[in-house]
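**Student:** Here's a structure for you.
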Amino acid sequence: MAHYLLSVYQPEGTPPPPEELEKVMRDVDAYNKELKAAGAWVFAGGLHAPSTATVMRLKDGDVLMTDGPFAEGKEYLGGLSIIQAPDLDAALEWGRKAAMATTLPIEVRPFYWDDEPTS
C-alpha cells in the first residue's frame, strides 16, 4: 500500500472556546479509531506553536540557528498523520474525513521513506 501525509493546517490566533474544542477532540478521536480499525493508521502527532521552532539554515558553510518559524503566515502546520491507503482516492477520502473531524484544512500528499516497510 502507498503512504500519504495528511497535514493539518491551524489558523494563528486564539483557539476555539472549550465547548467547541471538546466536540472537535471527540470527532478527532473517533476519526483516529476509524483509521486504526481500517488498518490505515501509521503515525500521527501534533506540534507545539510555531514560536517554539528553531530553524537551521546553511549559509557560507556555516549553519545558522534562528528562533521562530521558517515562514511567517496566518496558518501553520499544527499536526500530521501518516496513513497507508491503496490509492490517492482512498487517501483523499481519509483527508475529507480528517477535515470534517478537525474543521481545519487538510493537505494530502504522497509520502515515502527510504526504508519503506512492506505490508
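**Student:** Which count do you get for residues in segment 1-38 that are outside any helix (DSSP H, G or I) and not β-branched (V, I, T)? Walk me through how you get there before you give the answer.
**Tutor:** At the first step, the residues of segment 1-38 found to be outside any helix (DSSP H, G or I) are 1-17, 38.
Cutting the leftovers down to not β-branched (V, I, T) gives us 1-7, 9-13, 15-17, 38.
Summing the residues that are outside any helix (DSSP H, G or I) and not β-branched (V, I, T) in segment 1-38 gives 16.
**Student:** Something else about it: Can you tell me which residue within segment 39-61, out of those that are part of a strand (DSSP E or B) and aliphatic (A, V, I, L, M), is least open to solvent (accessible area, probe 1.4 Å)? Full working, then the answer.
**Tutor:** Of segment 39-61, the ones part of a strand (DSSP E or B) are 41-46, 54-59.
Now restrict to residues that are aliphatic (A, V, I, L, M): 42, 44, 55-56, 58.
Details: V42: 47, A44: 38, V55: 20, M56: 116, L58: 130 Å².
The qualifying residue least open to solvent (accessible area, probe 1.4 Å) is V55.
**Student:** Within segment 67-99, restricting attention to residues that are in contact with a Ser or Thr (Cβ under 8 Å, 6 or more places away or on another chain), assigned to a strand (DSSP E or B) and among the hydrophobic types (A, V, I, L, M, F, W, C), which residue is most open to solvent (accessible area, probe 1.4 Å)?
**Tutor:** So, considering only residues that are in contact with a Ser or Thr (Cβ under 8 Å, 6 or more places away or on another chain), assigned to a strand (DSSP E or B) and among the hydrophobic types (A, V, I, L, M, F, W, C), the one most open to solvent (accessible area, probe 1.4 Å) is L77.
**Student:** Tell me which of these P11 doesn't satisfy, since it passes every other one: (1) surrounded by 15 or more Cβ atoms within 10 Å (Cβ to Cβ); (2) within 14 Å of the chain's Cα centre (by Cα).
**Tutor:** (1)
**Student:** Looking only at segment 29-65, count how many residues are farther than 20 Å from A98 by Cα and among the basic types (K, R).
**Tutor:** 2
**Student:** I'd like to know if segment 50-59 contains one or more residues that are hydrophobic (A, V, I, L, M, F, W, C) and touching a strand residue (DSSP E or B) at 6+ places or on another chain (Cβ under 7 Å). Spell out the reasoning first.
**Tutor:** Initial filter on segment 50-59 (hydrophobic (A, V, I, L, M, F, W, C)): 53, 55-56, 58.
Of the ones still in play, those that are also touching a strand residue (DSSP E or B) at 6+ places or on another chain (Cβ under 7 Å) are 55-56.
Looking through segment 50-59, at least one residue is hydrophobic (A, V, I, L, M, F, W, C) and touching a strand residue (DSSP E or B) at 6+ places or on another chain (Cβ under 7 Å).
**Student:** Something else: Quick check on my filter: what residues within segment 14-28 are surrounded by 11 or more Cβ atoms within 10 Å (Cβ to Cβ) and over 24 Å from R109 (Cβ atoms)? Walk me through it before giving the result.
**Tutor:** At the first step, the residues of segment 14-28 found to be surrounded by 11 or more Cβ atoms within 10 Å (Cβ to Cβ) are 16, 20-28.
P16, E20, L21, E22, K23, M25, R26 - these are the residues of segment 14-28 that are surrounded by 11 or more Cβ atoms within 10 Å (Cβ to Cβ) and over 24 Å from R109 (Cβ atoms).
**Student:** Quick check on L64: is it surrounded by 10 or more Cβ atoms within 10 Å (Cβ to Cβ) and of a type in the set (A, V, I, L, M)? Reasoning before the result, please.
**Tutor:** Values: surrounded by 10 or more Cβ atoms within 10 Å (Cβ to Cβ): yes; of a type in the set (A, V, I, L, M): yes.
So L64 passes the test.
**Student:** Just name the residue that is least open to solvent (accessible area, probe 1.4 Å) out of those in segment 100-113 that are at negative phi and outside any strand (DSSP E or B). So that I can check it myself, show each step before the final result.
**Tutor:** The initial filter retains those residues of segment 100-113 that are at negative phi, namely 100-102, 104-113.
Those still in the list that are outside any strand (DSSP E or B) too: 100-102, 104-105, 112-113.
On the way: M100: 123, A101: 7, T102: 23, L104: 40, P105: 62, Y112: 165, W113: 70 Å².
Going through the qualifying residues, I end up with A101.
The values are calculated or read from the model by the stated rules, or taken from the named source; none is laboratory data. Since the model is a prediction, treat every value here as computed from it, not as a measurement. Cβ sites come from the backbone with ideal geometry, for glycine too, and all protein chains shown count toward neighbours. Only protein heavy atoms, including side chains, enter the accessible area calculation; ligands, DNA and RNA are left aside. Shrake-Rupley method; radii C 1.70, N 1.55, O 1.52, S 1.80 Å.
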